[in-house]
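> Below: one structure in structure tokens.
What follows is calculated from the coordinates using simple rules that are stated; it is not laboratory data. Quick caveat, the model's predicted, so the values are computed rather than measured. Note: ideal-geometry Cβ built from the backbone for every residue, glycine included; neighbour counts use all protein chains shown.
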Amino acid sequence: MAVLKIRKNPDPILRKKAKKVTNIDVSVQRIIDNMIETLDKASGVGLAANQVGVPLRIVIIHIPDKDVIVLINPEIIEKTGERLVVEGCLSVPGYQAEVKRSESVRVKARDRQGKLFRKKATDLLAQAFEHEIDHLNGILYIDYLQDMDKLEKTDYAPD
Ligand code: CO
């Protein structure tokens, strides 16, 4: 396994729509393993493959004290409610801002064995699903800010 370099805004790969995974082969398994290691090293909650330079629809979510969730070709199939949350991103290190996210979401995805699953989430997990699936579509949370003055500096800045 290897720790991969996390691409930072304004790297153009962050703005490209990632492609569907058509074959969950050994190279995809290796990307997943490396993404898990990279996410844990960065102490992040979620990572999308395009953040490590791989333009495929793969997301890893690891909420502290919970199991790692691997999502291949994830889709949000339902969302309800709205709430304000503070959000940061490994590709925009050193900043955070308040954005609107859903209260709950339901996602559909394949796991690393290729098995289709659905999962309903609230709170941080729902936020992570929305944030990471946005990444796969070339969207960063800062896109939702009316102006960049809304960005606050944080002490947290990996690298
Ligand atoms: Co992010």
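> May I ask you to give the average projected area over all directions of the convex hull of the Cα atoms of segment 5-79, in nm² rounded to one decimal?
Projected over every direction and averaged, the Cα hull of segment 5-79 covers 5.7 nm².
> Using Cα springs under 10 Å in a Gaussian network model of the chain, which residue among 104, 43, 27 shows the largest mean-square fluctuation?
27
> Which semi-axis lengths, in whole Å and largest first, follow from the square roots of five times the eigenvalues of the Cα gyration tensor of the chain?
Three semi-axes, in Å: 23, 19, 14.
> Using 7 Å Cα-to-Cβ label points, what is the residue 124/residue 17 separation (nm, one decimal)?
About 3.2 nm separates the two model spin labels.
> Are there any trypsin sites (Lys or Arg not before Pro) in segment 101-154 that are in a DSSP loop and have at most 15 other Cβ atoms within 10 Å? List them by number.
For trypsin sites (Lys or Arg not before Pro) across segment 101-154 that sit outside H, G, I, E and B with at most 15 neighbouring Cβ atoms in 10 Å, the list reads 115.
> Can I ask one more? Select from 149, 123, 134 the residue whose mean-square fluctuation is largest in a Gaussian network model of the chain (Cα-Cα springs shorter than 10 Å).
Ranking 149, 123, 134 by mean-square fluctuation puts 149 first.
> Same structure, new question: Taking only the alpha carbons of segment 57-104, what extent do you get along each of the three principal axes, in Å, biggest first?
Principal extents (Cα only, largest first): 28, 27, 24 Å.
> State, to one decimal in nm, how far the label point of residue 103 lies from the label point of residue 84, with both points 7 Å from Cα in the Cβ direction.
Result: 1.7 nm between the two label points.
> Please tell me the relative contact order of the chain in percent, rounded to the nearest whole number, where contacts are Cα pairs under 8 Å and at least six residues apart.
24
> Using θ = phi - 60° and the Karplus form 6.51 cos²θ - 1.76 cosθ + 1.60, what ³J(HN,Hα) does each residue of segment 47-59 get, whole Hz, x for Gly and Pro?
Taking θ as phi minus 60°, the curve returns 8, 9, 4, 5, 5, 10, x, 10, x, 10, 7, 10, 10 Hz for segment 47-59.
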